[in-house]
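> Quick one: structure below, then a few questions.
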Amino acid sequence: MKTALPTPPAHCTFEPEDWLRLAKCWHPVARACDIGAAPVKATLLDEQLVIYRVKGQVVVARDVCPHRGVPLTLGFHDEEGIVCPYHGLRFGEDGRCNRIPSSPDQPVPAKLNLLTFAVEERFGLIWTCLAFDAENPQPLPTMPHWDDEGFQQINCPAFEVNGFAGRQVEGFLDVAHFAWIHTDTFADANNQFVPDYSPQETEFGFIADYWSSVGNYPASSDYRAPEGFQWLRHFEMHLPFTATLTIHFPGEARLVIMNAASPVSSRVTRMFAPIARNFDLHIPIEEVHAFNLRVFEEDRLMVETQRPERLPLDLTLEAHIPADRSSIAYRRGLKKMGFGEFFLV
């Protein structure tokens, strides 16, 4: 196995310093259930990747055969690894070349091993880090209740947004747009007031407890909360692009949604959304997938048409209102990480 050098790929859409900061973080690139023996293509931070599973191990590598540069995602697989379609070289565990059909008796030189990246399988997702620093490793995001007894684990199909990851994440954290954007799914158009709330900085970003009367039952549902019930939405922001939302329903019912925005490029984001819940377990998973997608689709037009496309970290460049406390905390957190004033310009 060769570890890939932390350098931006050709035609990178990020500034080199910002790319390297992002490359040191963990990002999801696929659902675990979608990765088997066959090579799967993914793109992260403009880096073309191949993902495959061999003998129980997940491998994430550059999608290029080190022999003659053919994308390995054009190939196929057997029990021992993935096979390049051009000359039949095969790559197995840790991305090591284990077969040269034209010279079967030749020792395999290390130069024929794939350039691989660090991998973790968590929350039903495959995460990778393009510039893993063993001496100062970045932690993976966490997700409340995922492993708790009585909670169902759901992983929605991924989808892409033609917008910058930071803009999408900021929208997920925003609590003032419910009454304007999400009235077809869960919100009340007449419930526009945003009570005070205060984000608290953490070692991984910040948390925020938002109490309001805005319900979270589907608009099509006959369920309603008791009169005067206050809904708690607990946000946990894991910089740079992963956030979780824990919604406290009446009683002990809990719904947790992870918003994991994976930057394909500076202008395209692939969305992953693991969900954990301890109620309505009888509802088919497909209905959960469909409702979650409807909520995200309601946000799509806003995210894809915002200008500037990238997130201004200089707070003087856009106007702010009191409901923007999480947005301001998010931008300050990114700036504290060292990103530029117009993040990823």
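> Once phi is turned into ³J(HN,Hα) by the Karplus curve 6.51 cos²θ - 1.76 cosθ + 1.60 with θ = phi - 60°, what whole-Hz value does each residue of the stretch 105-114 show in order, with x for glycine and proline?
Calculated HN-Hα couplings, in order: 9, 7, x, 7, x, 4, 5, 8, 6, 6 Hz.
> Taking a quarter of the surface of the convex hull around the Cα atoms of the chain, what do you get in nm²?
18.8 nm²
> Taking the chain as a Gaussian network, where each spring joins two C-alpha atoms under 10 Å apart, which residue of 166, 92, 251 fluctuates the most?
Most flexible of the set in this elastic network: 251.
> Something else: Quick one: what are the phi-derived ³J(HN,Hα) couplings along the stretch 70-81, Karplus 6.51/-1.76/1.60 with θ = phi - 60°, whole Hz, x for glycine and proline?
With coefficients 6.51, -1.76 and 1.60, one gets 7, x, 6, 6, 7, x, 9, 9, 9, 5, 9, x Hz.
> I would also like to ask the following. With runs of 4+ DSSP H residues as the only contributors, calculate the mean residue ellipticity of the chain at 222 nm using -39,500 (n - 2.57) per run, divided by the residue total and rounded to the nearest 500.
Taking each H run of at least 4 residues, the total per residue is -4500 deg cm²/dmol.
> Hey, rough spin-label estimate for residue 149 and residue 267, points 7 angstrom out along Cα→Cβ, what's it come to in nanometres?
The modelled label-to-label distance comes out at 5.2 nm.
> Just the isolated ones, please: cysteines in the chain lacking another cysteine beta carbon under 4.7 angstrom.
Among the cysteines of the chain, those whose Cβ sits 4.7 Å or more from every other are 12, 25, 33, 97, 129, 156.
> Testing the spin-label approximation: label points 7 Å from Cα along Cα→Cβ at residue 314 and residue 32. State their distance in nm.
Output for this residue pair reads 4.4 nm.
> Of the heavy-atom accessible surface of the chain (probe 1.4 angstrom), what whole percent is carbon and sulfur?
52 percent
> Can I ask one more? Could you state the angle between the C-alpha long axis of helix 285-305 and the longest principal axis of the C-alpha atoms of the chain, as a value from 0 to 90 degrees rounded to the nearest 10?
The two axes meet at around 90 degrees.
> In square nanometres and to one decimal, what's the mean projected area of the convex hull around the Cα atoms of the stretch 22-137?
For the stretch 22-137, averaging the hull's shadow over all directions gives 7.4 nm².
> On to the next question. To the nearest 10 degrees, how steep is helix 325-336 against the longest Cα principal axis of the chain, on a 0 to 90 scale?
The answer is roughly 30 degrees.
> Which FRET efficiency value, to the nearest 0.05, is calculated for residue 212 and residue 11 with the Förster distance at 56 angstrom and r the Cβ-Cβ distance?
0.80
> On the first, second and third principal axes, largest extent first, how far apart are the outermost C-alpha atoms of the stretch 90-137 in Å?
41, 26, 11
> Identify the GluC sites (Glu not before Pro) of the stretch 89-160 meeting these criteria: DSSP loop state and at most 10 other C-beta atoms within 10 Å of the C-beta.
Sparse-neighbourhood loop GluC sites (Glu not before Pro): 135, 149.
> Here's a follow-up. Cα to Cα, under 15 Å, and not fewer than 8 places away if on the same chain: which aspartates and glutamates meet these conditions relative to residue 111?
The reachable aspartates and glutamates, counting only those whose Cα sits under 15 Å from residue 111, are 94.
> How far is the Cα center of the stretch 1-60 from the Cα center of the stretch 213-241, in Å?
34 Å
> By how many nm would the segment from residue 87 to residue 102 grow when fully extended, if each residue of separation counts as 0.36 nm and the alpha-carbon distance is taken off?
Residue separation times 0.36 nm, minus the Cα-Cα distance, leaves 4.6 nm.
> Could you check the spin-label model distance between residue 160 and residue 136? Points 7 Å from the Cα along Cα→Cβ, value in nm.
3.4 nm
> Per residue, how much accessible area does the chain have with a 1.4 Å probe, in Å²?
Value for the chain: 48 Å² per residue.
> Right, here's the next one. Setting aside same-chain residues fewer than 8 positions from residue 24, which lysines have a Cα under 20 Å from its Cα?
Filter leaves 2, 335, 336.
> Please report, to two decimal places, log10 I(q)/I(0) for the stretch 238-295 at q = 0.13, 0.16, 0.17 Å⁻¹ as given by the Debye formula with identical point scatterers on the Cα atoms and no solvent.
-0.41, -0.60, -0.66
> What number results when the radius of gyration of the stretch 80-196, computed over Cα atoms, is divided by 2.2 N^0.38 Å?
1.73
> Treating each Cα of the stretch 212-254 as an identical point scatterer and ignoring solvent, apply the Debye formula and state log10 I(q)/I(0) at q = 0.13, 0.21, 0.24 Å⁻¹.
With no solvent term, the Cα-only Debye profile gives -0.35, -0.74, -0.87.
> Based on C-alpha coordinates, I'd like the Rg and Dmax of the stretch 194-305, in Å.
That works out to 15.3, 46 Å for Rg and Dmax.
The values are calculated or read from the model by the stated rules, or taken from the named source; none is laboratory data. Values in this document were obtained by computation on a predicted structure and should not be read as measured data. Every residue, glycine among them, receives a Cβ derived from its backbone with ideal geometry; neighbour counts consider all protein chains shown. The area values use the complete protein model at the heavy-atom level, side chains included, leaving out ligands, DNA and RNA. Shrake-Rupley method; radii C 1.70, N 1.55, O 1.52, S 1.80 Å.
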